[in-house]
1. Please enumerate, by chain and number, the lysines with C-alpha under 16 Å from the C-alpha of K145, excluding those fewer than 8 residues away in the same chain.
2. Using Rg and Dmax of the Cα atoms in Å as the read-out, say which of (i) 16.4, 53; (ii) 17.0, 62; (iii) 23.9, 82 was calculated from these coordinates.
3. Within the stretch 24-50, find all residues whose amide N lies under 19 Å from a label point positioned 7 Å from the Cα of I162 along Cα-to-beta-carbon.
4. Once you put a point 7 Å from the Cα of E183 and another 7 Å from the Cα of D77, both along the Cβ direction, what distance in nm separates them?
5. What list of ³J(HN,Hα) couplings, whole Hz, do you get for the stretch 121-126 from phi and the Karplus terms 6.51, -1.76, 1.60, once you set θ to phi - 60° and write x for glycine and proline?
6. Say R0 is 25 Å: what FRET efficiency, to the nearest 0.05, do S65 and I152 get from their beta-carbon distance?
7. Neighbouring Cβ atoms within 10 Å as the yardstick, rank C85, C96 fewest first.
8. Of L115, I134, V165, whose Cα points farthest to the positive end of the dipole of the chain (charges on the beta-carbon: +1 Lys, Arg; -1 Asp, Glu; origin at the Cα centre)?
Amino acid sequence: MSASSPPKTDLRYWIRRLWKNGTWIALPITIFVILIPAWYTWTTKLPPLEQLKRREGILTYKFLSNRAGALVGITSDSGTEYFTCRSSQLGKRHDCLRLGFEELKPLKGKSAEVLWFEQKVNIGSTQKQLARLIVEGEEKVSLEKTARRIDIGRQGAIWLPILFVFFMILMVRAFDKQLIGKEKDEQRNS
């Protein structure tokens, strides 16, 4: 180690290492793609009944893909509005019903009522979270089911950042070892 280099216990040493080995780019990606969405998922709570918004009309859906599922929609005079049951931006499926898309098909065109709330999923990004779905007087998605889904999302939200940070530490160490090896080779050759 040269005389001008700070010791390994100094934060400046690690900032310099991250900058030199190129893994600094992982920090903003980690923050904006993993940590912030996980934080919003962790802090999401089902609002009280009186704070939920209501939408009535004809039930429709928008099929996205086999992996993402379908969004539930309500069509009224003011247009069609779509809702998701995905608990976070990191979630894969939007499906609200237990059997998913196949259960949604026969309900299309029937009168429905949705209770929903706006859920933050990232900085400047929200989604319309379905809280309760009633189709022709029959409850298809209950507030209790939504509360359980939100709780499951919250439990998962804590583990994803931990695993991702662990992976990032391993990656930084691997790049750092490679950089140290290059520096030693350069010192031997000079």
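Computed from the coordinates by the stated procedures, all read-outs in this text should not be read as laboratory data. Here the structure is a predicted model, which means the values were calculated and not measured. Note: ideal-geometry Cβ built from the backbone for every residue, glycine included; neighbour counts use all protein chains shown.
1. Output for K145: K45.
2. Answer by label: (iii).
3. From the stretch 24-50, the list is 31, 34-44.
4. With each label placed 7 Å out from Cα toward Cβ, I get 7.1 nm.
5. Along the stretch 121-126, the couplings run 10, 6, 4, x, 10, 10 Hz.
6. Efficiency computed from Cβ-Cβ geometry: 0.65.
7. Arranged by neighbour count, lowest to highest, C85, C96 become C85, C96.
8. V165
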